[in-house]
1. (1) touching a Phe, Trp or Tyr at 6+ places or on another chain (Cβ under 7 Å); (2) away from chain B (no Cβ under 11 Å): which one isn't true of A:Ala95, the others all being true?
2. Which residues, taken from segment B:64-86, are within 11 Å of chain A (Cβ to nearest Cβ), hydrophobic (A, V, I, L, M, F, W, C) and more than 18 Å from B:Gly11 (Cβ to Cβ)?
3. Could you list all residues from segment A:29-58 that are open to solvent by 10 Å² or more (accessible area, probe 1.4 Å), aliphatic (A, V, I, L, M) and either at pLDDT below 95 or in contact with a helix residue (DSSP H, G or I) (Cβ under 9 Å, 6 or more places away or on another chain) (or both)?
4. What are the residue pairs meeting all of these: first residue in segment B:75-87, first residue touching a residue at least 24 places away in the same chain (Cβ under 8 Å), second residue open to solvent by 40 Å² or more (accessible area, probe 1.4 Å) and of a type in the set (Asp, Glu), Cβ atoms under 8 Å, and 6 or more apart or on different chains?
5. Out of all the residues in segment B:175-197, which are among the small types (Gly, Ala, Ser) and in contact with a helix residue (DSSP H, G or I) (Cβ under 6 Å, 6 or more places away or on another chain)?
6. For segment B:39-63: of the residues being away from every other protein chain (no Cβ under 12 Å), over 15 Å from B:Val7 (Cβ atoms) and over 19 Å from the mean Cα position of the chain (by Cα), which is most open to solvent (accessible area, probe 1.4 Å)?
7. Report those strands (runs of 3 or more DSSP E) wholly inside segment A:1-82 carrying at least 3 residues which are away from chain B (no Cβ under 14 Å).
8. Count, please, the residues in segment A:111-130 that happen to be within 14 Å of A:Val218 (Cβ to Cβ) and either within 14 Å of chain B (Cβ to nearest Cβ) or in a helix (DSSP H, G or I) (or both).
Amino acid sequence: MDGEVILLDAYASMFGMRLRIALAEKGVKYEYREENLPKKSPFLFQMNPIHKKVPVLIHNGKPICESLIALQYIDEVWHDKNPLLPSDPYKRAQARLWADFVDQKVHILGRKIWSAKGEEQEAAKKEFIEALKVLEGELGEKPYFGGEEFGYVDVALIPFYSWFHAYETCGNFKIGTQCPKFVAWAKRCMQRESVSKSLADPEKVYDFVLILKKHFGVE
Amino acid sequence: MGEENKVIVLGNWSSPFVKRVELALKTKGIRFEYVEEDLSNKSALLLKYNPVHKKVPVLVHNGKPVCESLVILEYIDETWQNGPHLLPKDPYERARVRFWVAYIHQLLDSMAKLYTPDKEAQEKALKEVHEKLRVLEDGMKENFPGGSPDVRAKKLEILDIMMIATVGSFKTHEEALGVQILHPERNPLTFSWVQALNELPVVKESNPPYEKLIALLQSLKEILLGNKKLGKMYTARFF
């Protein structure tokens, strides 16, 4: 059977959303435990002593940290249903590369948009749009990054869509008008139940960002 | 076989990332053609095969490029299934190994901070590196409760490769910077593991010429003191 699966997560975490989507795609029953970030529980410190971050997937008592590592774990353990990574090694390499691009660019630049000011923020906004355009180029005419099927890169990227409202408000700019292809792809993903049920409400994400800004002393 | 399995590696003699790929291919017994890239004058081939990042290493397999060293290592393990495995088979063990591969890789972010003219910043960076090495030491103790793996008795696995290509490069940084990074008393397991790996013929033949690398790192220091932008370009090679 599936065994005991716990997801230690935080509602607004785009990394947690990745795992929620994957577990839903695979039809895995799990217990969801919410961390009240930015406060961190002793349980989180116990399960992820090194990075002290969510999400942590706990399978039969054994923790798996880092969302892309946990995503691959989910795909390997529950390999029979809705595979996320393709079977061809070259296509798998491309998928891993683009998921890494999402972490290196979309995440880091997005964070700068809400946490930086002035010139640094302006530069981040510009580079963020550029990164989305690179992704649009990679998507091309395909329905998903995975091709015909919803896959690994789609799962890695779609949670950031729920953060667009927060980025737009903090950065005082519009993303959708500059990247219509991206938005079209995102809306296609949202039609999947696993995605629509896993993504956080954009307003609540913005509320969370305000809490973070206060916590980190960013105005 | 023959032309069906043509493997080219675009690399640079000083890059620890390229070393990872070379060691993985040699461990698997895969024949490849090595092309040395002049990073100050990148070839049309490199720009064609890695247009987004324009970096080495690039593995070109039957004309198709794979970029990013960690992605390449997984690709090598998945493509050449016969012979030694770089990663374990069990999904949980794979996740655990991937975690430490990522951790070792991220050590380089902290290492890069050591190359600063600011003494205070360097002190802070050194403390950060020492703390991360302490965590790595503890983590490896859990993976190898009996002590460091007997590397002579087995084929290299991905953690061995990461250890020697990444942590193994620290000695040159120690000499270039005049600081101690790895301590045999504080990091006994890590230290002995790296030492044992350095004795292996496959590692010795892949090591860049020591004096040449020291000279390059020392000039990196000089550049950073004079020209921050140029320094950043050079730092990117190693970190």
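The values are calculated or read from the model by the stated rules, or taken from the named source; none is laboratory data. All values derive from a computational prediction rather than experimental measurement. We place every Cβ from the backbone using ideal geometry, glycine too, and count neighbours over all the protein chains shown. Each accessible area value is taken on the protein alone, full model and side chains, heavy atoms only, with ligands, DNA and RNA left out. Shrake-Rupley method; radii C 1.70, N 1.55, O 1.52, S 1.80 Å.
1. Going through (1) touching a Phe, Trp or Tyr at 6+ places or on another chain (Cβ under 7 Å); (2) away from chain B (no Cβ under 11 Å) one by one, A:Ala95 breaks only (2).
2. B:Trp80
3. A:Leu37, A:Ile50, A:Val54
4. B:Pro84/B:Glu157; B:His85/B:Glu157; B:Leu86/B:Glu157; B:Leu87/B:Glu157
5. If the condition is that a residue be among the small types (Gly, Ala, Ser) and in contact with a helix residue (DSSP H, G or I) (Cβ under 6 Å, 6 or more places away or on another chain), then B:Ala176, B:Ala196 are the ones that fit.
6. Per the criteria, the residue is B:Lys48.
7. Filter on segment A:1-82 gives A:5-9, A:31-34.
8. Qualifying residue count, segment A:111-130: 9.
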